[in-house]
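The values are calculated or read from the model by the stated rules, or taken from the named source; none is laboratory data. Computed from a predicted structure; not experimentally measured. No Cβ is skipped: glycine too gets one built from the backbone with ideal geometry, and neighbour counts run over all protein chains shown. Side chains included, ligands, DNA and RNA excluded: accessible areas come from the protein's heavy atoms. Shrake-Rupley method; radii C 1.70, N 1.55, O 1.52, S 1.80 Å.
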Amino acid sequence: MTEKAKDVKLRVPVDKRIKDKCAIVGFTDHRVQAFELPRDEWEVWGINELHRIHDVSLFDRWFEVHNRKDIDTDAPHIEALGKMDIPVYMQAHYPDIAPSVAFPRDELKKLSVEKFGRPYFTSSIAWEIALAIKMGFKEIHVYGVDMAQDGEYFRERNCCEAWLGVAAGAGIKVHVPATSDLLK
């Protein structure tokens with residue numbers, strides 16, 4: 001599924017889920033609701049620089065799927081990713097970020113072609129939802145993700161909602177907080 005981190009002891013396996021429920025966490029205020037979920041039932045996924053706001057110990061997986069050249073100027077971010085003890089899904093495995101693993105883009109593109117007739121991904125959150133579907137989660141919650149603004153989020157929101165629809169259509173229970181602008 002992914003190129004694995006070498007010589008790193010990770011708290012969770014890279015290629016399989018450890019629980020049946022997944023909470024994908026972004027940056028908006030309702031993200032804190034994810035931390036109220038029973039940890040014995042939920043995997044909690046972090047993203048990008050969220051480690052600057054919340055302790056990584058609250059999370060089971062991390063996602064930084066932007067191009068490496070776009071994040072290399074942020075040395076503290078790169079350093080924090082390298083110190084994590086959970087899988088850090090990135091474009092590839094990078095030796096200087098020991099827990100990094102290659103994100104399974106090709107597998108998820110195939111899933112997208114099955115569902116939409118073409119690859120359809122416009123945000124990290126959409127990629128995460130697709131991965132949660134592929135990994136077989138029974139329930140997916142999305143916290144801290146609104147995509148209410150114009151600009152970048154304008155094109156990202158529809159894709160996120162489409163992948164949430166794929167999840168629901170597959171019989172996966174989907175939840176987005178009422179305070180989110182998603183699914184409205």
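Just a few scattered comments:
- Taking every alpha-carbon pair under 8 Å whose residues sit at least 6 apart, the range 1-101 reaches a relative contact order of 31 percent.
- Taken about its Cα centre, the range 14-113 carries a charge dipole of about 320 debye when Lys and Arg each add +1 at the Cβ and Asp and Glu each add -1 at the Cβ.
- P(r) of the range 7-48 over all Cα-Cα pairs, binned every 5 Å from zero, in whole percent: 5, 20, 27, 22, 16, 8, 2, 0
- Per-residue ³J(HN,Hα) for the range 83-94, Karplus 6.51 cos²θ - 1.76 cosθ + 1.60, θ = phi - 60°, Hz, x for Gly and Pro: 8, 5, 10, 10, x, 10, 7, 9, 4, 7, 7, 10
- Charge dipole magnitude, Cβ of K and R +1, D and E -1 - the chain, Cα centre, debye nearest 20: 640
- Rounded to the nearest Hz, the phi-derived 3J(HN,Hα) couplings of the range 165-179 under the Karplus curve 6.51 cos²θ - 1.76 cosθ + 1.60 (θ = phi - 60°) are x, 4, 4, 4, x, 8, x, 8, 6, 10, 9, 10, x, 4, 7, where x marks glycine and proline.
- Cα pair distances of the range 25-90 binned at 10 Å [whole percent]: 20, 54, 23, 4
- Options (1) 18.2; (2) 19.0; (3) 16.5 - which one matches Kirkwood radius over Cα pairs in Å as calculated here: (3)
- Taking the longest Cα principal axis of the chain as reference, the axis of helix 105-116 is set at about 0 degrees.
- Ellipticity estimate at 222 nm from DSSP helix runs (n ≥ 4, -39,500 (n - 2.57)) divided over the chain, nearest 500: -8500 deg cm²/dmol
- Ranked packing of 80-86, 99-105, most packed first, by mean Cβ within 10 Å: 99-105, 80-86
- Neighbours of HIS175, meaning other residues whose beta-carbon lies under 11 angstrom from its beta-carbon, give a summed charge of +1 when Lys and Arg score +1 and Asp and Glu score -1.
- Each Lys and Arg contributes +1 and each Asp and Glu -1, all at the Cβ; summed about the Cα centre of the range 60-139, the dipole is approximately 460 debye.
- Crossing angle, helix 124-134 versus the chain [Cα axis fit, 0-90 degrees, rounded to tens]: 80
- Ligands, DNA and RNA left out, the 1.4 Å accessible surface of the chain is 50% carbon and sulfur atoms.
- Residue pairs, from the table LYS134/LYS173; LYS19/LYS138; LYS115/LYS184, whose Cα atoms sit over 19 Å apart: LYS115/LYS184
- Count Lys and Arg as plus one, Asp and Glu as minus one, and take only other residues whose Cβ is under 12 Å from that of ILE47; the net charge is then 0.
- 1.4 Å probe accessible area per residue over the range 80-184, in Å²: 44
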